[in-house]
Every structure is written in C-alpha cells, then in structure tokens.
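The values are calculated or read from the model by the stated rules, or taken from the named source; none is laboratory data. Remember, predicted model here, so these are calculated numbers, not experimental data. Cβ placement follows ideal geometry from the backbone for every residue including glycine, while neighbour counts extend to all protein chains displayed.
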Amino acid sequence: MVAMPNVINQKMLLSLKSISLFSISMLLYTLGNILFKKGMDRFPNSTLSGWHGYWEVIKQALTRKEILAGLVIFVLDFFVWLAFLSITPLNIAAPLSSVNNIFILLASAWFLKERISRKRWLGVALIITGMLFVGGNYA
C-alpha cells in the first residue's frame, strides 16, 4: 500500500490550526465584550455633559475590574487574531469573523439575561448562511 504524502497531513494540520485560532479568537472577543458590558452596568452614568462627561465615564470604567479584565482579554485576542491572519486569507477571515455577532448574541442571552427577538434569530440564520457561502471551500 502506498503512503499518503505529507502534503495532505500538513494541509489538514493547517486547517485544524486555523480553526483552533479562529475559535479561540471568537471566544476571547465574546468574553471581552461580556466583561465590558458587566463592568459598564455596575456604575452610574456621568452627570456631566459633553467631553467632560465622557472622560469621567472613561476614568470610572478604567477602575472596574471587569473592564480591565476585558482589556487584557482583548489584547490576547489581538495576538490570536494576528496568528489566525498569518495563515488565513483576509477575504476568508474577515467575513467569517461575523460569527462573533452570533456568539455575543448567545452570550448576552445566557449571561446577561437579555431578550433576543425573532428578527435577531433570523439575522443569525442569515449570518450562518453567509459564512457557509464565504468559508465553505476554505477548510
């Protein structure tokens, strides 16, 4: 029996590597956003208007452990995303990143107890359909 060339194994490994990096990136992005939302919900809005009010909110936000954890997670996500982009064509990676909308929608329903409308579920179905069209031939 003839052994399969290493090219096939390397291609499969690359595919597994890109899927792994993509999944980690989407998980980190979702977790970071959930932490940001939890952090922002836990202190009152500024009473100042204009840029002074925004600066006050930013200063307050940077004292919240959820916000700081979210920032650390976003930095980690940045490096994972760069690794993913190093092995994936951008015309595939960018459209596939729309899956983060689905993960955030699901996480906001699960962790934040937010209500998801039927329109949004329809949007999820359209996103999944689009991802199948765009990324279906890559793996």
query = helices (runs of 4 or more DSSP H) wholly in the stretch 82-139 with at least 3 residues that are more than 30 Å from Glu66 (Cα to Cα) and without any contact (Cβ under 8 Å) to a residue 12 or more places away in the chain - which ones?
reply = 118-135
query = Can Arg42 be described as modelled with pLDDT under 85 and of a type in the set (Lys, Arg)?
reply = yes
inquiry  = Looking only at residues that are aliphatic (A, V, I, L, M) and surrounded by fewer than 14 Cβ atoms within 10 Å (Cβ to Cβ) in the stretch 45-73, which one is modelled with the highest pLDDT?
reply    = Val72
